[in-house]
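The values are calculated or read from the model by the stated rules, or taken from the named source; none is laboratory data. This structure is a prediction, so every number in the text was calculated from the model and none was measured. When we count neighbours, we look across all protein chains shown, and the Cβ atoms used for this are built from the backbone with ideal geometry, even at glycine. Surface areas here come from the heavy atoms of the whole protein model, side chains and all, with no ligands, DNA or RNA. Shrake-Rupley method; radii C 1.70, N 1.55, O 1.52, S 1.80 Å.
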Amino acid sequence: MMKPNLCRMALLIVLLSISLPGVAEDGYQLWLRYARVGNPDQANRIENLLEGVILPEAQAGSYAILREELSRASRGMLGREPVFGPGANGVATLVIGTPADLDLLDKESVRSALPGLGNEGYVLERPDPNGPLLIVANTPIGALYGTFHLLRNLQAGLNPADFLPLSESPRITRRILNHWDNLDRTVERGYAGFSIWDWHRLPGYLDTRYADYARANASVGINGTVLTNVNANALVLTPPYIEKAKALADLFRPYGIRVYLTARFNAPMELGDLETADPLDERVRTWWKNKADEIYEAIPDFGGFLVKANSEGQPGPQNFGRTHADGANLLADAVAPHGGIVMWRAFVYSADVPVDRAKQAYDEFVPLDGSFRDNVFIQVKNGPIDFQPREPFHPLFGAMEKTPLALEVQITQEYLGQATNLVSLASLFEDCLDAPTHRPFPPSTVASVIDGSDYGRGESVMAGVSNVGTDRNWTGHPFGQLNWFAFGRLAWDPHRTSGEIHDEWTRLTFGTDAGMVAAITELLAGSWETAIRYSTPLGLHHLMGRSHHYGPGPWVEGGRPDWTAVYYHRADTAGIGFDRTRTGSRALDQYAPEVAEAWSDPRSCPERYLLWFHRVEWTHPMGSGRTLWDELCLTYDRGVKEVGDMRRTWAGLEGRIDPERFGQVSQLLAIQEKEAQWWKNSCLLYFQTFSRMDFPPDMVRPEGDLEEYKSLQFPYAPGIQPSW
Ligand code: GCW
């Protein structure tokens with residue numbers, strides 16, 4: 001037994017080591033580090049706030065979590081526990097709860113804000129300048145979200161006087177992580193180790209990571225998690241796995257998080273119960289109804305099913321001569337009595353259909369508009385191909401007036417450098433959300449389509465393919481954490497800007513030193529464009545290595561055409577690019593006329609989309625006055641140089657960031673620079689075989705040997721689906 005004094009000293013040492021600059025941090029705490037506050041004024045303000053905290057008593061549930069979070073925050077930021085209950089002289093400094101829990105209704109302003117807040121919103125205010133700060137919500141979850149908001153702002157160094165009063169509620173009702181996690185713990189397109197779901201030891205053993213995962217999600221408002229891969233395994237629908245999923249659902253519930261599962265369409269057959277999965281067959285309908293009842297019996301707030309059907313080898317209703325609507329409605333009817341939803345993915349395309357892959361989802365789904373049940377969401381990727389470094393927004397957004405659409409973005413960086421490249425996806429998500437669709441009516445944007453405001457709909461969904469794994473820092477690259485954070489912040493409010501998110505995340509993750517924050521936010525602001533420049537500039541897409549998608553592979557050909565690179569860039573001696581105008585695949589016609597018109601002329605089409613929509617000659621004149629070839633070369637070159645700049649910026653932060661994360665990011669940026677050079681060299685040497693033009697003099701000439709680049713193999717690159 002340690003003596004009490006020793007014990008206190010040990011605690012002090014631990015507490016000090018959490019926050020001292022220069023002490024290593026392993027990244028496990030994510031943006032919830034609660035580092036010791038160095039600024040004495042801010043420390044004072046926080047101290048004053050936490051010296052009389054009133055909140056409902058609870059042994060378990062959301063209020064217990066909330067109380068523990070306040071304790072952690074106080075221990076970290078101040079080095080001591082908050083005072084729960086009235087402080088000295090019986091004074092309350094922070095009061096948290098719902099009107100039912102607390103006698104708060106005498107505060108007129110709070111009362112009037114509450115009806116509009118829904119189940120997840122909150123008010124933060126100090127109605128009496130000398131009185132307590134109030135966090136009021138309609139539910140304990142709302143109170144938890146409000147508390148996270150306050151703690152986030154305090155950690156970021158903000159003074160409550162500058163942000164009070166405020167009230168917030170989410171613009172999107174279901175903010176869901178999609179895990180492409182398999183039951184054997186591999187993660188498809190996962191670059192941060194293995195799945196955090198330890199299926200074998202569930203339900204008996206609950207890894208402490210589960211609660212930390214839930215906290216992290218709740219802190220940014222994520223309220224749903226699809227536990228399993230869309231390339232689905234029917235086993236997850238069997239009783240032992242339902243028990244395992246229930247254990248997670250029970251743990252996540254007080255954090256406001258619901259569990260969802262992926263449904264393998266052929267499950268009634270694969271689990272050995274029926275010889276068909278035809279959605280119109282009565283036995284199949286009964287099977288799914290019973291299955292849904294069984295799941296809801298175990299998990300009363302089960303969110304519903306996510307389905308990938310008739311896509312990349314997954315079974316679906318078309319195997320039985322039925323439509324996507326027949327399939328989606330089958331599952332929707334099964335979960336409807338329990339309030340569940342179905343997220344049916346629009347990521348469908350077939351090599352047997354002789355139509356531009358970019359057009360296929362629209363062609364398939366628009367004719368079905370109006371035939372889906374009310375609890376079906378069609379889940380659409382941000383762009384029409386597949387999470388490429390940059391895509392124009394998907395033409396389905398705004399094109400289905402009678403069917404709610406969910407937006408699916410990819411947080412894991414399958415095509416954006418995986419876990420070795422520093423790329424802010426806040427910029428990519430923002431670019432998509434802000435895109436003007438002109439449909440259903442100007443000024444519609446992807447955000448106003450998916451948050452339901454254009455249609456006056458109450459329910460809405462935004463999904464993000466998770467980048468979380470068993471790596472100590474959760475996301476592999478320390479900056480991958482930003483992309484998880486950004487997803488949550490944008491799903492809560494799709495109108496937030498990437499600049500705000502960068503600033504907030506940097507302060508929470510690295511501290512509030514103004515020079516450091518300025519340097520990192522600048523680095524983040526350019527990082528997405530930089531990655532596009534050195535990999536797929538000017539509208540190029542799908543140039544990556546085969547199957548593992550790691551690194552460049554513009555030469556990939558043979559096999560299924562729409563899985564090659566040559567299908568997309570179409571380079572030959574005459575030119576390069578995919579003609580999607582009326583002289584080509586006519587994919588542009590799937591957009592609203594205003595959009596199609598703006599992009600249809602190669603001379604006026606934004607250069608970022610040029611080769612996405614147009615096939616042009618190598619000498620095509622660009623806005624800069626240069627030829628396309630020269631512009632392409634200089635853009636790749638610029639991308640590489642910008643990674644050099646990023647390295648220099650980071651190197652300049654030595655001593656201002658803890659050595660562990662500083663060292664990790666330094667090494668990763670060095671890898672990123674090599675990979676950027678590899679992309680540039682491979683792509684330019686390859687494309688030069690068609691352009692037959694010299695490299696412009698004002699660039700660093702590509703080095704190396706094309707044949708050697710082509711011969712590189714990566715048989716154990718991470719994230720490949722074992723069955724592929
Ligand atoms: O991006 C592609 C991936 C596949 C993935 C598929 C999809 C889950 O390469 O690994 O499968 O998209 O979204 O279904």
(message) Here are the criteria: (1) at pLDDT 95 or above; (2) not in a loop (DSSP other than H, G, I, E, B). Tell me which single one G27 does not satisfy.
(response) (2)
(request) Of all residues in segment 156-207, count the ones that are under 28 Å from P494 (Cβ atoms) and in contact (Cβ under 8 Å) with a residue 40 or more places away in the chain. (result) 29
(message) Condition first: buried (at least 24 other Cβ atoms within 10 Å of the Cβ) and of a type in the set (A, V, I, L, M). Now tell me which residues in segment 509-522 satisfy that.
(response) I520
(message) When the residues of segment 176-229 are narrowed to those that are among the basic types (K, R) and assigned to a loop (DSSP other than H, G, I, E, B), which ends up nearest to the ligand (Cβ to nearest atom)?
(response) R189
(request) Would you check if F320 is within 23 Å of N223 (Cβ to Cβ) and of a type in the set (F, W, Y)? (result) no
(message) Could you list, ordered by first residue, the pairs with Cβ atoms under 8 Å in which the first is in segment 70-81 and among the polar types (S, T, N, Q) and surrounded by 16 or more Cβ atoms within 10 Å (Cβ to Cβ) and the second is at pLDDT 95 or above and in a helix (DSSP H, G or I), at least 6 apart or interchain?
(response) S74/I46
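What about P392, is it closer than 30 Å to I532 by Cα, crowded, with 23+ Cβ neighbours inside 10 Å and away from the ligand (no atom under 16 Å from the Cβ)?
Here the answer is yes, as P392 does meet what is asked.
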(request) Considering (1) open to solvent by 10 Å² or more (accessible area, probe 1.4 Å); (2) small (G, A, S); (3) closer than 30 Å to Q379 by Cβ, say which one G121 fails and leave the rest. (result) (1)
(message) So, in segment 342-357, exactly how many residues are under 28 Å from S466 (Cα atoms) and away from the ligand (no atom under 14 Å from the Cβ)?
(response) 2
(request) Scan segment 594-607 for residues that are touching a residue at least 40 places away in the same chain (Cβ under 8 Å), surrounded by fewer than 20 Cβ atoms within 10 Å (Cβ to Cβ) and under 18 Å from A399 (Cα atoms) and jot them down. (result) E594
(request) Mind telling me which of the residues E312, E364 ends up being surrounded by fewer than 22 Cβ atoms within 10 Å (Cβ to Cβ), within 24 Å of the chain's Cα centre (by Cα), within 16 Å of the ligand (Cβ to nearest atom) and among the acidic types (D, E)? (result) E312
(request) Being touching a residue at least 24 places away in the same chain (Cβ under 8 Å) and more than 16 Å from the ligand (Cβ to nearest atom) narrows it down to one of A232, A249, A263, so name that one. (result) A249
(message) Let me confirm something: among T689, T627, which residue is of a type in the set (S, T, Y), away from the ligand (no atom under 16 Å from the Cβ) and in contact with a strand residue (DSSP E or B) (Cβ under 9 Å, 6 or more places away or on another chain)?
(response) T627
(message) For a quick check of your reading: which helices (runs of 4 or more DSSP H) sit entirely within segment 412-504 and have at least 3 residues that are of a type in the set (A, V, I, L, M, F, W, C), more than 24 Å from E675 (Cα to Cα) and in contact with a strand residue (DSSP E or B) (Cβ under 7 Å, 6 or more places away or on another chain)?
(response) 446-450, 480-492
(request) Sort out which residues of segment 554-588 are small (G, A, S), touching a residue at least 24 places away in the same chain (Cβ under 8 Å) and within 23 Å of A531 (Cβ to Cβ), and write them in order of number. (result) A571, G577
(request) Please indicate, with yes or no, whether at least one residue in segment 235-242 is assigned to a helix (DSSP H, G or I), farther than 18 Å from G464 by Cα, within 16 Å of the ligand (Cβ to nearest atom) and β-branched (V, I, T). (result) yes
(message) It is to be established whether one or more residues within segment 453-460 are within 16 Å of the ligand (Cβ to nearest atom) and either within 22 Å of the chain's Cα centre (by Cα) or open to solvent by less than 10 Å² (accessible area, probe 1.4 Å) (or both).
(response) no
(message) Whether any residue in segment 269-281 is open to solvent by less than 60 Å² (accessible area, probe 1.4 Å), at pLDDT 95 or above, over 30 Å from R152 (Cα atoms) and within 16 Å of the ligand (Cβ to nearest atom) is what I want to check.
(response) no
(message) What are the pairs with Cβ atoms under 7 angstrom where one residue, in segment 536-552, is among the charged types (D, E, K, R) and the other, located anywhere, is assigned to a loop (DSSP other than H, G, I, E, B) and open to solvent by 10 Å² or more (accessible area, probe 1.4 Å)? Sequence gap at least six, or different chains.
(response) R546/V556
(message) Return the residues of segment 284-307 that are closer than 12 Å to N266 by Cβ and touching a residue at least 60 places away in the same chain (Cβ under 8 Å); say none if nothing qualifies.
(response) V307
(request) Exactly one condition in (1) open to solvent by 60 Å² or more (accessible area, probe 1.4 Å); (2) touching a strand residue (DSSP E or B) at 6+ places or on another chain (Cβ under 6 Å) is not met by V616; state its number. (result) (1)
(message) Consider segment 159-215. How many of its residues are open to solvent by less than 30 Å² (accessible area, probe 1.4 Å) and polar (S, T, N, Q)?
(response) 3
(message) With under 20 Å from V220 (Cβ atoms) and open to solvent by less than 10 Å² (accessible area, probe 1.4 Å) as the only criterion, which of V409, V449 stands out?
(response) V409
(message) Looking at segment 399-422 only, could you name the residues that are within 16 Å of the ligand (Cβ to nearest atom), under 30 Å from M646 (Cα atoms) and of a type in the set (A, V, I, L, M, F, W, C)?
(response) V409, I411, L416, A419
